[in-house]
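This report concerns only the one structure given below.
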Amino acid sequence: MRDMRSIIIALLVALFLALVPLVSDSEKSYLIYFLFLTFCHIVLTQGWNLVAGYTGQISLGTHAFFALGAYTTAMIWRADLFKGANYYFDPITMILSGLVPVVFAFAIGIPLLGKLRGDYFALGTLGFGEILKVAFIKGGHFTGGPIGIMLPSSVYTTMRPHYWMALFLAVLATGVVYFMTRSRIGLALVAIREDETAASSSGIHVLKYKVLAFAISAFLFGACGSLYAYYLFQVSPDGFLILRWTLYPVLMCVIGGSGTVIGPILGSFVMTGVFTAANIYFPTVHPVFSGIIIIVVMLFMPNGIVRLWNREAQRG
Amino acid sequence: MLEYLTAGLLLQLLINGILFGTMYGLAAIGLSLIFGTMHIIFLSQGAVIVLMAYFCYWLFTLLHIDPYISTVILGSAALLLGAGLYQLLFRRAVRMEDKNISLLIAVGLMFLLENLMAVVWTANPRSISTSYTSSSISIGNLDISFTRLMGFVIAILATVGVTLFLKRTLIGKAVRAASEDIEAARLVGISPHRGNTATFAIGIGLSGIAGIAISTTYPFDPYFGFIFSLKAMIALALGGLGSVSGALLGGIILGVLESWAAFFISGGWADAIGYGVFLLVLMFKPEGLFVRSIKKA
C-alpha cells in the first residue's frame, strides 16, 4: 500500500512538472532551463546511484558513456543512417544512442568488474574515459577531432521537447531504480555491496549482476547524452567528455543520499539550484564557490539530505 | 621518419622521458603514501603541485628569489599546508567507512584550487625563465637541459629523504606500520592521527618540491594539475602501492613510455597509451610491477 501511494504521488508530481512549460514562457523563462538541467542531472545521478549506491561499485566513467551516447546521435544524424528520416528527437536514434554505450559497458565492464575491486575499479573507469577522450580528439573526420560534430541547429524551434524528454528520462531512470531495487535483482545488488564474498557463496552470480547494473546505467547515460546533443547541437570533447558530467552526479547522489531512490532527486534539485545561483550571482568565482560547497557538505553532512531527518533510513 | 632514427636519438628520448617521469614519480610518492595509509585517492595532488608552481613563480617575479632557494621556503610551507589540510579536511573523513566522501573532498579541493588559480593568475600558461633556463649540458651528442637535470636531482634527493624518514625515524615507522595494517598499529599504541598528519605533510611537501621542479622546466596553467594527478595515479599503479621507490620507478617508466610514444606515434596518442598500459597493469598485475609479494587489492 505504501509503495502504491508513493508511486501515485511521484506520478502526480511528474504530471504537474510536465504542465510547467504550458504555463511558463518556455523561451524566456530561466525556470524551464533550470528544470531541464535538473532532470538531466537526475538521469545521470540515478544511473550512478544504481551502480555505486546500490551495488557499491564506484564508477568514474559516467562522462564516457554520456559522450558515447551524444556522439552516436551526432554520427547517425551526420551519416543520414535512415536515409532522409527526421533525426531530431527520433526515438530510434535515441534508443540506439543508449545501446551503443551498453555495448561498451559490456566490453569494459566484464574485464574491469571481474578483475578490479573498489578504488581500482574507479581508476579503471577513469582511465577508460581518458582513452576515449584521446580517441575522439584524434579521430579525424570520423569524430570531428577537437571541434567535434556540428548538428543542423535550424531544426530548433522551442525548448519544450527537450524539457519533456528530460522529464521522461528522469522518470524512467527513477522508475528503473525503484523497480529494480525492489526486485530480486535489487536484493542481489545490495548483497554484493554489503559483502561480495557472502553474496557469492549464497549463490549470487556477482559478475553478472554487477555488469547488469553497469549496463543499465550506461543506457541511461547514453540516452541523456543524446538528449543533450539535441540541446547543444555541437558534440565535442570539450562539451561532453569532461569530468563535470561524472563529478556532478556523484556529488548530487552523495549529497542527496546514495542508495536511496529519493536522495538523487533531492540532490539534483538542490545542487543544480546552488550551482545555477552561484553562476548568476558570482559568475567569475562560481567554480571556486562550488568547490567550497562540495567540501563543506561532505564534512558536515556526509550521509546525505535524506538521512538528515530520517536517521534510521536504511540503505537499500 | 625512420631515417632520422639513431641510437643517439633514442637515448635522448629516453633521457627526456626519465627526467620528466621523475616529476610523475614525485607526485606518485605523495599519492602512494596518502593512499597507502588512509585509502584516500587524493585527486587534488596535481592541483596542489600547480599551486606551488605558481607560488614559486610569484617568489621569482615579485621578490626575485631564485627557484632553487625557494625550494626550502616552499618545501616547508607545503609540509605545513599538508598537515593543515589533513586536520581541516580529512581528519573526519578518514574514519568513515564510505570512501566516496574523502574522494569527493579531494575533488572539491581540486575544483577550489584550480578555479582560484584561474581567478588569481588567469588561465594563460606561465613559466619561469631564469638566466640558466635555456642552458644545457652536452655529453657526447646528447643535450641535457640544466633545469630538467636539477629537477631530477631534487626528485632523487627528496625520494631518498622520504625513504630515510620512513625507515629511520620513529614517526616514519609508525606511518609504515599504519599503512601495513591500521588495526594492528592501533593495538600497539600508534595514534593514527599523528601518523596521518605526518603522511599528509610529507605528501604535500613532496608536491611543493615537484611544483618547483615543474615551474622551472615546463609551462603550466591552472588546469594542468588534474592530468598530472591522473598520470601520478598511473605511475602509482605501475609501481605498486606502498613502495616509495616503486612509485618513483613507475613515474620514470611512464615518462619514458610517453616520450617514445609521442615520438613514434604522435603527441596526442601518448596519453592514451599511458592509460592503456595503466588498464593492462591494473588487470593483470594489480600489485604493481616491482612488488614480489602478492597482496590482494
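Things worth noting here:
- Candidate cross-link partners of A:Lys138 among the aspartates and glutamates, defined by an alpha-carbon separation under 19 Å and a same-chain spacing of 8 or more, comprise A:Glu130, A:Asp238, B:Glu258, B:Asp271.
- For residues of A:112-121, the mean tally of beta carbons on other chains within 10 Å: 4
- Ignoring lysines fewer than eight residues from B:Lys173 along the same chain, the ones with Cα atoms less than 24 angstrom from its Cα are B:Lys295, B:Lys296.
- Given in Å, the Rg to one decimal and the Dmax to the nearest whole number for the Cα atoms of the stretch B:33-189 are 19.0, 58.
- The H on the amide N of B:Ser145, modeled in the peptide plane, is under 5 Å from the matching H of B:Ile137, each at least 5 residues off or on a different chain.
- Straight-line cross-link reach from A:Lys133 at under 20 Å between alpha-carbon atoms covers these lysines, not counting any fewer than eight positions away in the same chain: B:Lys231.
- Largest first and in whole Å, the equivalent-ellipsoid semi-axes of the stretch B:201-286 read 21, 19, 11, each the square root of five times a Cα gyration tensor eigenvalue.
- Amide hydrogen proximity for A:Gln234: with H placed 1.01 Å from N in the peptide plane, the residues at 5 or more positions away or on another chain lying under 5 Å are A:Leu151.
- Scaled radius of gyration (Cα, divided by 2.2 N^0.38 Å) that the stretch B:141-238 gives: 1.33
- With 10 Å bins from 0: P(r) over chain B, alpha-carbon pairs, percent: 7, 28, 36, 22, 7, 1, 0
- Pairing chains A and B buries close to 3600 square angstrom of accessible surface in total, based on protein heavy atoms and a 1.4 angstrom probe.
- Stokes-Einstein diffusion of chain A at 10 °C, 1.306 mPa s viscosity, Kirkwood radius from Cα pairs, rounded to a whole number: 79 µm²/s.
- The distance separating the Cα centre of the stretch B:129-179 from that of the stretch B:1-56 comes to 12 Å.
- Fraction of accessible area attributable to carbon and sulfur, the stretch B:183-235 (%, probe 1.4 Å): 66
- Stokes-Einstein D (µm²/s) once Rh is taken as the Kirkwood radius of the stretch B:157-199 over alpha-carbon pairs, at 25 °C in 0.890 mPa s: 238
- Within the listed set B:Tyr57, B:Tyr218, B:Tyr132, the Gaussian network model of chain B (springs between alpha-carbon atoms below 10 Å) gives the highest mean-square fluctuation for B:Tyr132.
- Under 12 Å from a label point set 7 Å out along the Cα-to-Cβ vector of A:Leu308, the amide N atoms of the stretch A:242-256 belong to A:255-256.
- Exposed loop positions in chain A were taken to be GluC sites (Glu not before Pro) whose DSSP state is not H, G, I, E or B and which have at most 16 other beta-carbon atoms within 10 angstrom. Between these positions, the longest stretch is A:28-311.
- Summed residue charge, Cβ within 12 Å of B:Ile227's Cβ, Lys/Arg positive, Asp/Glu negative: -3
- With the Kirkwood sum run over all distinct C-alpha pairs, the stretch B:31-119 has a hydrodynamic radius of 14.1 Å.
- Shown for the stretch B:20-72 is the translational diffusion coefficient from the Stokes-Einstein equation, using the Kirkwood radius over Cα pairs, a temperature of 25 °C and a viscosity of 0.890 mPa s: 198 µm²/s.
- Distant alpha-carbon pairs in the stretch A:93-214 (separation over 21 angstrom), percent: 59
- Residues in the stretch B:151-297 average 43 Å² of solvent-accessible surface per residue, probe 1.4 Å, ligands and nucleic acids excluded.
- Radius 15 Å from Cβ of B:Tyr86, net charge of other residues (Lys, Arg +1; Asp, Glu -1): +4
- Rounded accessible area of B:Trp260 (nearest 10 Å², 1.4 Å probe): 90
- Couplings for the stretch A:236-251, taken from phi via the Karplus curve 6.51 cos²θ - 1.76 cosθ + 1.60 with θ = phi - 60°, read 9, x, 5, x, 10, 8, 10, 5, 3, 6, 9, 6, 4, x, 4, 4 Hz in order; Gly and Pro are left as x.
- The value given for the stretch A:159-316 is a Kirkwood hydrodynamic radius of 17.6 Å, derived from the mean inverse Cα-Cα separation.
- Counting Cβ atoms of other protein chains within 10 Å of each residue's Cβ and taking the mean over peptide B:31-43 gives 1.
- Computed with the Debye formula from one identical point scatterer per Cα of the protein assembly as shown, without solvent, the log10 of I(q)/I(0) at q = 0.06, 0.11 Å⁻¹ comes to -0.33, -1.10.
- Measuring with a 1.4 angstrom probe and ignoring ligands and nucleic acids, A:His286 comes out at about 30 Å² accessible.
- Shielding by partners for peptide B:86-93, expressed as the average number of C-beta atoms from other protein chains within 10 Å of each residue's C-beta, is 2.
- Along chain A, the longest continuous region that contains none of the trypsin sites (Lys or Arg not before Pro) in a DSSP loop with at most 16 other C-beta atoms within 10 Å is A:183-310.
- Of A:Thr246, A:Thr158, A:Thr276, the one that fluctuates the most in a GNM where chain A has Cα springs shorter than 10 Å: A:Thr158
- Local electrostatic count, B:Leu166, Cβ distance below 10 Å [Lys/Arg +1, Asp/Glu -1]: +4
- In this structure, the amide hydrogen of A:Gly259, modeled 1.01 Å from its nitrogen in the peptide plane, lies closer than 5 angstrom to those of A:Gly53, A:Tyr54, counting only residues at least 5 positions away or on a different chain.
- Across the stretch A:179-193, coupling constants 3J(HN,Hα) worked out from phi with the 6.51/-1.76/1.60 Karplus curve, θ = phi - 60°, read 6, 5, 6, 9, 10, 4, 4, x, 4, 4, 4, 5, 4, 5, 4 Hz, and Gly and Pro carry x.
- Summed over all non-identical Cα pairs, the Kirkwood treatment of the stretch A:185-233 gives a radius of 12.2 Å.
- For the stretch A:58-71, the Karplus equation 6.51 cos²θ - 1.76 cosθ + 1.60, evaluated at θ = phi - 60°, returns couplings of 6, 9, 10, x, 3, 4, 5, 6, 4, 5, 4, x, 5, 5 Hz by residue, with Gly and Pro reported as x.
The values are calculated or read from the model by the stated rules, or taken from the named source; none is laboratory data. Everything quoted here is computed from the prediction, not taken from an experiment. A quick note on method: Cβ atoms are made from the backbone with ideal geometry, for glycine too, and the neighbour counts reach across all protein chains shown. Accessible surface is based on the protein model in full, side chains and every heavy atom, while ligands, DNA and RNA are left aside. Shrake-Rupley method; radii C 1.70, N 1.55, O 1.52, S 1.80 Å.
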